[in-house]
1. Would you say LEU297 is hydrophobic (A, V, I, L, M, F, W, C), in contact with an Asp or Glu (Cβ under 8 Å, 6 or more places away or on another chain), in a helix (DSSP H, G or I) and open to solvent by less than 10 Å² (accessible area, probe 1.4 Å)?
2. Looking at PHE82, is it within 13 Å of the ligand (Cβ to nearest atom) and either of a type outside the set (D, E, K, R) or open to solvent by less than 30 Å² (accessible area, probe 1.4 Å) (or both)?
3. When the residues of the range 47-72 are filtered to those that are open to solvent by 50 Å² or more (accessible area, probe 1.4 Å) and not polar (S, T, N, Q), which remaining residue is farthest from GLY257 (Cα to Cα)?
4. Conditions: (1) at negative phi; (2) touching a helix residue (DSSP H, G or I) at 6+ places or on another chain (Cβ under 9 Å). ASP241 meets all but one. Number of the miss?
5. Out of ASN340, ASN311, which single residue is in contact with a helix residue (DSSP H, G or I) (Cβ under 7 Å, 6 or more places away or on another chain), under 23 Å from PRO414 (Cα atoms), open to solvent by less than 10 Å² (accessible area, probe 1.4 Å) and not hydroxyl-bearing (Ser, Thr, Tyr)?
6. Which of the residues belonging to the range 57-81 are among the hydroxyl-bearing types (Ser, Thr, Tyr) and closer than 30 Å to HIS210 by Cα?
7. Just for the range 118-132: of the residues that are surrounded by fewer than 24 Cβ atoms within 10 Å (Cβ to Cβ) and in a helix (DSSP H, G or I), which one is nearest to the ligand (Cβ to nearest atom)?
Amino acid sequence: MSSLASVDPQIAELIKAEERRQSDTVKLIASENYVSKAVLEATGTVLTNKYSEGYAGKRYYEGQQVIDQIESLAIERAKAVFGVNHANVQPYSGSPANLAVYMAFLQPGDTVMGMGLPFGGHLTHGWSVSATGKWFNPVRYGVRKDTGRIDLDEVRQLALEHRPKLIFCGGTAIPRTIDFEGFASIAREVGAVLAADIAHIAGLVAGGAHPSPVGHADVISTTTHKTLRGPRGAMLMATSDEHATALNKAVFPGLQGGPHNHTTAAIAVALHEAAQPAFRDYAHQVVRNAKALADELSSRGFDLVSGGTDNHLILLDLTPKGIGGKPAAQALDRAGLETNYNTVPFDTRKPFDPSGIRIGTPSVTSRGMGETEMRQIGAWMDEVVTAVAKGDAEDVIRRVHHEVSELTSQFPAPGLS
Ligand SMILES: *Cc1c(COP(=O)(O)O)cnc(C)c1O
């Protein structure tokens with residue numbers, strides 16, 4: 001990046017600092033990952049210079065000889081990786097992709113059913129502060145208090161009572177397998193469109209480590225930058241022609257203008273990587289790592305929502321450890337262990353100071369870490385959290401930070417120099 005360093009040394013220095021930070025920390029944020037050098041290279045290209053409103057073969061600007069090929073490749077690869085008939089690779093990110101689903105199938109004021117935010121749903125599934133909760137009529141399901149899991153009987157009761165036009169399944173803090181078939185049968189019974197939001201688990205679905213929603217959901221929405229390990233972006237997929245047309249119209253001209261072609265190219269690269277045998281190994285290792293970490297934390301007295309994990313994600317209720325999620329996450333960050341504080345189901349504390357933290361294994365798996373390292377990370381987390389709860393953590397944080405640096409230096413992160 002020699003041009004950047006001479007044109008804007010301030011930003012160049014900050015990017016370098018962020019690169020060092022990403023390299024030196026154990027990143028346990030469940031929604032993040034490390035993209036490959038190839039994906040990074042595709043994002044930083046002249047494709048950012050081109051306007052291409054519309055779709056391949058039907059654009060509103062000339063000069064699409066190359067862009068059409070890139071977008072078509074991305075679409076073909078998405079169709080092959082996920083086994084769908086249609087894919088739209090233009091949504092700018094997961095939230096606008098979900099808004100396009102509303103635009104395609106609902107009128108303002110129509111009823112949408114999704115998982116409540118405090119239970120693990122996403123803002124865009126009809127939460128009150130989101131446009132989707134303000135402009136539509138949201139109905140929310142949660143999890144059972146005794147199991148920490150979704151109760152499909154409750155979902156069905158709510159659906160029969162409120163007759164939503166659209167049902168979302170999937171979320172941002174769900175440690176368990178989504179029963180797409182069960183949701184589909186409820187959606188059919190009430191005549192709703194079922195949208196499976198696989199933003200978090202797309203990489204696991206692509207790698208065969210989580211059941212696929214294909215054949216069950218009418219619409220599949222996903223980000224491309226979480227377990228799928230692509231650039232920041234999103235896709236909408238469908239099997240029926242009718243739904244695909246509605247989604248395409250909703251994305252453009254319904255909500256967006258020109259697609260971000262550099263992102264489209266990088267999505268195509270990520271999908272190419274996701275089609276390789278090594279990606280299946282990665283996806284299954286993500287799950288094995290999460291199970292090993294969950295096991296270690298359980299044995300150390302941590303309270304795991306739903307008792308464990310089936311996927312890449314673990315939600316911890318820190319109440320038994322005598323500390324809130326925020327001070328714990330802050331202390332862990334100072335020790336080089338990056339997490340986010342999170343509400344837990346039926347949380348008695350406030351969203352800005354909740355009871356839990358959310359962790360995940362995609363990033364550490366992308367660095368090549370395995371179950372042995374997960375057990376070590378679980379031990380460090382316990383040491384830091386226990387020390388902070390006792391109010392005397394400085395020495396522990398310093399020592400763990402040092403040990404974390406030794407570990408990260410042995411596992412260079414993809415894409416970083
Ligand atoms: C991350 C996420 C989104 C939103 O993605 P952004 O790219 O942050 O807008 C939507 N739905 C779910 C379930 C997510 O986890």
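The values are calculated or read from the model by the stated rules, or taken from the named source; none is laboratory data. Predicted model, so just to flag it, every value in this text is computed and none were measured. Ideal geometry is used to build each Cβ from the backbone, glycine not excepted, and the neighbour counts take in all protein chains shown. Accessible surface is based on the protein model in full, side chains and every heavy atom, while ligands, DNA and RNA are left aside. Shrake-Rupley method; radii C 1.70, N 1.55, O 1.52, S 1.80 Å.
1. On the way: hydrophobic (A, V, I, L, M, F, W, C): yes; in contact with an Asp or Glu (Cβ under 8 Å, 6 or more places away or on another chain): yes; in a helix (DSSP H, G or I): yes; open to solvent by less than 10 Å² (accessible area, probe 1.4 Å): yes.
Yes, satisfied.
2. On the way: within 13 Å of the ligand (Cβ to nearest atom): no; either of a type outside the set (D, E, K, R) or open to solvent by less than 30 Å² (accessible area, probe 1.4 Å) (or both): yes.
The answer is no for PHE82.
3. First, pick out the residues of the range 47-72 that are open to solvent by 50 Å² or more (accessible area, probe 1.4 Å): 48-51, 57-58, 60-62, 65-66, 69.
Still in the running and not polar (S, T, N, Q): 50-51, 57-58, 60-62, 66.
Numbers: LYS50: 12, TYR51: 9, GLY57: 16, LYS58: 14, TYR60: 11, TYR61: 12, GLU62: 15, VAL66: 19 Å.
Selected residue: VAL66.
4. (2)
5. On the way: ASN340 fails: open to solvent by less than 10 Å² (accessible area, probe 1.4 Å).
Going through ASN340, ASN311 in turn, the sole match is ASN311.
6. First, the residues of the range 57-81 that are among the hydroxyl-bearing types (Ser, Thr, Tyr): 60-61, 72.
Result: SER72, single match.
7. Just the residues of the range 118-132 that are surrounded by fewer than 24 Cβ atoms within 10 Å (Cβ to Cβ), to begin with: 118-119, 123, 127-131.
The next check asks that each one be in a helix (DSSP H, G or I); those that pass are 118-119, 123, 131.
Numbers: PRO118: 14, PHE119: 12, LEU123: 8, ALA131: 12 Å.
Per the stated criteria, the residue is LEU123.
To keep it simple, each residue is scored yes or no on (1) closer than 22 Å to GLN256 by Cβ; (2) at pLDDT 95 or above.
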site	(1), (2)
ALA80	no, yes
VAL84	yes, yes
GLN90	yes, yes
LEU99	yes, yes
MET113	no, yes
PRO118	no, no
TYR141	no, yes
ARG149	no, yes
